[in-house]
Amino acid sequence: MASRIEVGFKNGIRDALGEKVKKRIIDNLSLPVEKISTVEVYTVTGDLTKDELKEAASGPLSDSVIQNFSINIPLAGNFDWLIEVGFRPGVTDNVGKTAREAIELLLGSNIGQRKIGVYTSRQYRICGEITKNDVEKIASGLLANDLIERYQIVSKTDFNFACGMPVYIPQVSGKAEVTVEEINLTAAGIDELLKISKDRILALNLTEMKAMRDYFRNKKTLDTRKKMGLGESITDVELECLAQTWSEHCKHKIFNSLINYTDGKKKKIIDSLFKTYIKDSTTKIRKAKGRKDFCLSVFVDNAGIIKFNDDFNLVFKVETHNSPSALDPYGGALTGIVGVNRDPFGTGIGAKLIFNTDVFCFASPFHKKKLPPRILHPRRIYEGVREGVEHGGNKSGIPTVNGSIVFDERFLGKPLVYCGTASIMPARIKGKTTHEKEIKSRDLIVMTGGRIGKDGIHGATFSSEELHEGSPVTAVQIGDPITQKKMTDFLLIARDRGLYRAITDNGAGGLSSSVGEMATYSGGCELDLTHAPLKYPGLQPWEILISEAQERMTLAVDPKKIKQFLELAKKMDVEATVLGRFTDSGNFHVLFGGQTVACLDMEFLHAGVPQMTLTAKWKQPKNRKPHFAPPPDLGKALLKMLSRLNICSKESVVRQYDHEVQGGSVIKPLVGAENDGPSDAAIIRPILDSMEGVVVAHGICPRYSDIDTYHMTACAMDEAIRNAVAVGADLDHLAGLDNFCWCDPVKSVKTPDGEYKLAQLVRANMAIYDYTTAFGVPCISGKDSMKNDYQIGKTKISIPPTLLFSVIGKIKDVRKAITMDAKRPQDLVYIIGETKEELGGSEWFALQKVIGNNAPQVIAAKAIKIYRALHKAMQSGIIASCHDCSDGGLAIALAETAFAGGLGMNIDLNFVPYRGKKRNDYILFSETASRFVVTVHPEDKRKFEKIMAGNITRGIGLVTSDGLFQVTGLGGKLIIKEKISKLKDAWQKPLNF
Amino acid sequence: MPRKVKAIVLTGNGTNCEMEMAQACKLSGADVVDIVHISELLYGERRLEDYSFLNLPGGFLDGDDLGSAKAGTNRFLHAHITGHKEMLFAQLLKFINAGKLILGVCNGFQLMIKLGLLPALDDNYGRQSTTLTHNDSGRFEDRWVYLKTNTQSPCIYTKGVDILYLPVRHGEGKFIPESSSILQQVEKKNLFAFQYCQKNGLPTIDYPANPNGSINAIAGICNESGRLFGLMPHPEAYLYRTNHPRWTREKLPEEGQGLTIFRNAIKFIRSKKF
C-alpha cells in the first residue's frame, strides 16, 4: 500500500516559494490571489509501517524547526483552492530519488525484501476570490507543464478534509514483451520509404531511405546477415540506429552538402561548408602559427582542445538545446547545461569542468499578442530556462561566468539556449599525452552513471525537424546534476589511476552514438543490451540503444583493469555496467538476450549517408530607407536606449548563477563601484597556485542578418574577440567556437525561400573563413542547429539566422586584467577606432522601427592593429578602464562606464572621429565594430597616446565626480545632461524580476 | 616543536568547494591537507581521528533535494562504517569530544546545523535547535556581503577580525531558531560570531546587505567552546586579492581576507589551548 506524507511550514514561518508563486501569478496572469502556501508531498510505496513512516517524515523529509508533517491525512490549513502538481510516469523525479535513498539508508537492514518507491508532488493552497477557470489558468499556465506533469484541482468545498487527496503513483506500467520488428525495405517503393521515415520520426529523406534500401539489396550485406542469424529485412534496432547516426543533428548533412551558390554575379560550387570554410581555415591558421600553434585537437573529439601552458590543456564546447527548451524550458535548459558538461568532460582522456557559459535568445517576456498553439509564453520560457541553467550549473559546482540574453520577436517560434562548458586536463598523465583517444580491440564497453529510460528517445531526430503538432513528448528529459557530479568525481579519480583507456559522453543518439563513435577507433563492437541497467522494465531493444537518458558516460576499459574500475565505482556509489566489448570486426554488432538484433557495416553506418546537393541564391535585401528626424531630446533617447531589452542589465539572472565557485574568479560578470556594471568578458584562474588566467567571451548579433549574414557573422566574431581583448586577453592565444542556429535552409514546399536562407548560411561561413584567418583566431569546435522554425497550421515563425561566436583565451598574469568601470574623477576618456554611419540593424534603428541597409562592416587589418596596441597598453598598466562598444554604440558604452564607476562624465562629440551624415544621434548610437571606450589617468596620457600611435584614438572628455553624464553635440550645444543614477535606474529596471 | 596540523576536507555526494577549501588550509600553513571522499570514511580507509581540523565545504549534498543538507544529515546519522560496528556519527562525536576543530561553510554550515552540531547548547550534540532555510527572496543569489564580528564570541576563527567582506552563494541561508529561548541563549552566550552588516559595520536585516532575511542578521554561529563554527558566506572564496569584486579599483592587500578564518584555526591548533 502507498502512503502520503505531507510536509508544510509551521504558522509564522515565511513560505518564500509560496510568495514567489503568488508574485508570478499577479505579475503574469493579473489574478487577485491573496496567499499561497506550498506543501511538499511524498507518496511512498513499499509497505512501510506506521512507525517507519513517522521516522522518515520526522527525519530526512521534514525540518522540525520550521515544518509540520502529516501521514495519510491532509495537513491542516486554510485555502479556497488547492492545486497538486506531480510528474507523469517515467519523468525524472530527482527529489523522489533522493527521498527513496534516504529512507533506504534510514531503514537499513530492516528493509528486508521490500522495494521502496518515492514519488513527489507539490500542493499550492490558494487563498483568494478566483474562479475555477482562473485556477485552471494558474495550473496550466504557470505551475504545471502538461507534457511532463499532471495536476489536480480541488476547491475547498470539494476537498475531503478527512482523507485529503487520493493516492496516485506515477509508475511506468505495462511490461511490453520484447519484440524486434523487421521492416522489409528491399521491396518498398518511394511512398512506402517516406511513410516509414515519417511514421517512426526518423527525419530521413528519400535519398537516404533509398541508400538504406540499396544496402539491404547488396549481396555482401545479405551474406553477413545470414551468418549473424539475421534476415533480409532491416530490424527496428538497425533502422533507429541508422536514423540517429544519419540525423542532421549528428551528421551535419547541410554543412556537408554540395552547394551551388550564386550571388547573382558569380557562381561557386562548394563541397561541404564545414570543410571549405571552417576546417580549412583552422588548418591554414595553424600552419601560419607554426611553432606558436596552440591547437591540440580540433573537430575530431567531443570538444576542441588547446594548450593552456606546458602542463595543462584547455577544452571548450558550446551546444544548443533549443527544441527541448521550447517544450519544457526548465528540463530542456537543465539538460542543456548538464549535457554540454559531458562533452568537454569526455574529451581526450577526460577533463575537469571549470566554467559554464550561457546565451539565450527569447521573444520579449512582455509579449502581449495571442500565442500560437503549443508555444509557451516567452516569460515562462525565460524563467524556466534561467532556473534550469541555475540548477544545472550551481548544483554541479561549475561557475557560470559569461553569457547574454538576446531578444527578438522571432524567437517566439523557438527560443535559442546556448550552453557552453570548458574543462582543464593535465597535458600528460603517467607520461602519456591526454588529448587523444585510443581504443584497443577486446577493450570492454562500460557504461557509467544514470540508468536508461524512455526519456529523450528521438532527441536527435526531433531536433532535426521543426517544432510541429506531433513533436514527441519523450524527447523531453530532466537532468540530474548530482548523479552526474558523483559520476564525474569518480571518473576523475579513475582517470588519474589509469583505470580506463577512453571515454566519451552519451548525448544525442545515446549508446547508438557513443558506442558507435568509439567503435571507429578499434574497428567494431559487440554490444549486449541485455545488461543495460534500466529505470523500469518494458523498454524495447531499439529504445535502449537510442535512449538519451542523461548522466551517462561510455568508457573503454582494459579487461585487466575492469575489476579495479568496478570496485571504485561501487565504493563511490556510481553505477557501472559492462555492456560488451570493442572489436575489429568491422561491424556494429548488437545483441539482446543472446540474439543478434543489429549488425551493420561500420563503414556504411558512419560514411554511408548520401551527400545532399543544394542550391543557394543570394540576393541583397533592400530594406526601407530610414526617414526620421533626430529627436529633440537625446537625454530621453539615451534613457530609452538603456531600457531596451538587448541593452538593459541582466543582473537578476546573473546573480542567480554561482559565478565564483572553485575559487578562481578574477573578472566577474558584474563589476564596478557597486558590483553591478556589465563586464565585457570573464577571467578565471583554473590553477589556484598560478596567476595565469583563462579568458572567455562571446559575440552575437542576429539583427544584422536582416541585412547580410556575412556582416552579422563578422560582427559577432569581432565582438567576441574585442570583448576578450577588453579585459586583457592576448590576441595571439585565442581560439573560437562557432555555433550556428539557422532556420531551415533546404528549399521545400514548407520552405519556399530555402535557397535564400541557404545563401545566408553560405555567406556566414565565408565570413568565418575570412575573419578567423585574418585575426589568426582558429575555430576549434562548433555546432549547428538547422531547423529552428515553428510550423503549425498556417503559422510559420523562423528565427533570424544567428551565430554565436565564443572565444577562449589566455592572460599570462591576471593582475594585468582590466574592468569596464570608470575609476577616478579627472581620468581622460578616449574612443579607440573610427565611428562610421553604420546603423543598419542597430538598436537605435530598431527603436525607430526600421532596419536600414548599412550594417557595420569589420575591417580586420585595422582591428588587429588596435587590439595589439591596446593589449600592449594594458600590459604596461596604463589603462584604467576599457569597455567595448556594441549594442547601442558609443553612448551606451560611455554611460555604462560612467555609472558602473559611480562617476559622471563630460563628453564632446565634436572630437569623435566620425565618417557619415553629421547627426548627433548617429554618432551616439552607430554600432561600428572594433571600437572601445577607454579611460586613462592624466599622468599616463603621453605614454598611452604613444603606444596607440597609428591607430585612431581620440580623447573625447573627462570622468567627473559630479555624478552627471553630459554630452556636448556637434555645434557645441549641450545635448545630454542626466544624472548617472537616473541612467542606471533606466538600465536596471526592465528585467529586474 | 610546534604541533602538526592535519586538515581534512570532506567531499562527495554534491560538495563542490573542496579545492578552494583545501587551498585555504594549505595557504594558512596546515602541514597535511587531504581532500577525502566520504566513501573513504565509510569504507574505513581513513578515519577522522587522524586529523585535527575537519572542513565541511559548500555544495549541494544530494542536490539539497529534501531541503538543504537534509539527505546529507540523514547519511551522517545513519551510515555505518563498512565492516565495523561503528557509525560515522559516533566517529564525528569522538572527534568533537577530543576538542578538535570543525568548520562548515554554506552547505557545510547547513549540515552542521541540521546535525545539531551547532549551536549545540550545553554541548548537546545531535539535537537540532535552529535551522537554515529559504532566503526571503525565494532565490539563490551570488553576492558579496559585509560581516560584523561579535568580539565577545568564543569563536576561535574570528579572532582579530572586525569587518569581513565575503560572497554568499546560497538559496537557503536564512537563520531561524526553534524558539525565542534558543535565540536568547545563542545571544547570551555570544555564539553568533558573524552578523550581516552595512558597509559601516551596523548589523542589518535589510536586503540585500542581509541577503536572506536571517533573524538578528546572524550569518555564522559557533558552539560554546568556539571550536565548531559554521557560516553561510564563503571565506575560501576570498584567498587572493583578485577574488575581490572591486580589486581593479581599490587598494587591497595581496592576500585575500577570507584566509584569516583558516589562519586562526591553524594558529589555535598549534597553541597551548588546543
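The values are calculated or read from the model by the stated rules, or taken from the named source; none is laboratory data. Because the structure is a prediction, the values reported are computed rather than measured. Cβ placement follows ideal geometry from the backbone for every residue including glycine, while neighbour counts extend to all protein chains displayed. Surface accessibility is based on the protein's heavy atoms, side chains included, excluding ligands, DNA and RNA. Shrake-Rupley method; radii C 1.70, N 1.55, O 1.52, S 1.80 Å.
One table, with the values for the structure above:
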item: Gyration tensor verdict on segment A:263-307 (Cα atoms; rounded if a/c is under 1.5, prolate if a/b is larger than b/c, oblate otherwise); result: oblate
item: Eligible lysines near residue B:26 by straight Cα distance, threshold 20 Å, same-chain separation 8 or greater; result: B:4, B:6, B:100, B:159, B:267
item: Above-threshold pairs, the threshold being 23 Å between Cα atoms, out of A:352/A:432; A:636/A:973; A:22/A:636; result: A:22/A:636
item: Share of carbon and sulfur in the accessible heavy-atom surface of segment B:6-270 [1.4 Å probe, %]; result: 50 percent
item: Burial of 30 Å² or greater, segment A:552-587 residues [accessible area, probe 1.4 Å, versus chain by itself]; result: A:571, A:572
item: With all protein chains modelled, accessible area of residue A:733 [1.4 Å, Å²]; result: 30 Å²
item: Under Karplus coefficients 6.51, -1.76 and 1.60, residue-wise ³J(HN,Hα) of segment A:907-913 in Hz, glycine/proline x; result: 10, 10, 5, 4, 8, 6, x
item: In segment A:723-823, lysine pairs closer than 26 Å at Cα, eight or more apart or cross-chain; result: 18
item: Dipole of chain A, positive end: most advanced residue of A:773, A:583, A:944 [Cβ charges, Cα centre]; result: A:944
item: Net charge of neighbours whose Cβ lies under 14 Å from the Cβ of residue A:633, counting Lys and Arg as +1 and Asp and Glu as -1; result: +3
item: Nonlocal amide H pairs with residue B:59, under 5 Å, H built at 1.01 Å; result: B:16, B:107, B:108
item: Nearest-20 debye value, the protein assembly as shown charge dipole, Cβ charges on Lys, Arg, Asp, Glu; result: 2840 debye
item: For segment A:358-375, Karplus couplings with θ = phi - 60° (6.51, -1.76, 1.60), whole Hz, Gly/Pro x; result: 8, 10, 10, 10, 10, 7, 4, x, 9, 3, 10, 6, 5, 8, x, x, 6, 9
item: Shape category assigned to segment B:214-269 from the gyration tensor of Cα positions, a/c cut at 1.5; result: oblate
item: Probe 1.4 Å, protein heavy atoms only - accessible area per residue of the protein assembly as shown in square angstrom; result: 35 Å²
item: Inter-probe distance in nm under a simple model that places probes 7 Å from Cα toward Cβ, at residue A:190 and residue A:941; result: 7.8 nm
item: Lys/Arg +1, Asp/Glu -1 at C-beta; segment B:164-274 dipole; positive extreme among B:197, B:274, B:171; result: B:274
item: Qualifying aspartates and glutamates (Cα of each under 12 Å from Cα of residue B:189; at least 8 residues distant if same chain); result: B:122, B:224
item: Structure-based [θ]222 nm, chain A - -39500 (n - 2.57) summed over DSSP H runs of at least 4, per residue, nearest 500; result: -9000 deg cm²/dmol
item: Shielding score for B:72-81, defined as the mean number of other chain Cβ atoms within 10 Å; result: 4
item: 1.4 Å probe, heavy atoms, protein only - residues of segment B:36-70 losing at least 30 Å² accessible area vs chain alone; result: B:37, B:39, B:43, B:60, B:62, B:63, B:65, B:66, B:70
item: Relative contact order for chain A, counting Cα pairs under 8 Å that sit 6 or more residues apart, in percent; result: 11 percent
item: Shielding by partners, peptide A:663-673 (average Cβ within 10 angstrom, other chains); result: 6
item: Inter-part distance where segment A:657-718 and segment A:54-82 are each reduced to a Cα centre, Å; result: 45 Å
item: Karplus (6.51, -1.76, 1.60) ³J(HN,Hα), θ = phi - 60°, over segment A:71-82, in Hz, Gly and Pro reported as x; result: 10, 6, 10, x, 5, 5, x, 9, 6, 9, 9, 10
item: Rounded accessible area of residue A:747 (nearest 10 Å², 1.4 Å probe); result: 120 Å²
item: Spin-label zone in segment A:504-521 - amide nitrogen under 13 Å from a point set 7 Å from the Cα of residue A:300 along the C-beta vector; result: A:521
item: At least 30 Å along the helix axis (C-alpha) and Kyte average at least -0.5, DSSP helices within chain A; result: A:754-775
item: Area buried, chain A against chain B - accessible surface, total, 1.4 angstrom probe, square angstrom; result: 5200 Å²
item: Shielding score for B:159-171, defined as the mean number of other chain Cβ atoms within 10 Å; result: 2
item: Percent RCO, i.e. relative contact order, over segment A:3-155, from Cα pairs under 8 Å lying at least 6 residues apart; result: 35 percent
item: Solution diffusion estimate, µm²/s, Stokes-Einstein, chain B, Kirkwood Rh from C-alpha pairs, 20 °C, viscosity 1.002 mPa s; result: 116 µm²/s
item: For segment A:546-651, convex hull of alpha carbons as volume per residue, Å³; result: 276 Å³
item: Largest to smallest accessible area among A:440, A:668, A:619, A:97 [probe 1.4 Å]; result: A:619, A:440, A:97, A:668
item: For residue A:975, distant residues with modelled amide H under 5 Å away; result: A:967, A:968, A:969
item: Hypothetical label at residue A:985: residues of segment A:944-976 whose amide nitrogen lies under 15 Å (7 Å Cα-Cβ projection); result: A:964-965
item: Heavy atoms of residue B:140 accessible to a 1.4 Å probe, total area in Å² rounded to 10; result: 10 Å²
item: Accessible area in the full protein assembly, largest first, 1.4 Å probe, for B:19, B:87, A:948; result: B:19, B:87, A:948
item: Cα gyration tensor category, rounded, prolate or oblate, for the protein assembly as shown with a/c compared to 1.5; result: rounded
item: Anchor residue A:156: aspartates and glutamates whose Cα lies under 18 Å away (excluding residues fewer than 8 positions away in-chain); result: A:6, A:34, A:80, A:84, A:129, A:134, A:136
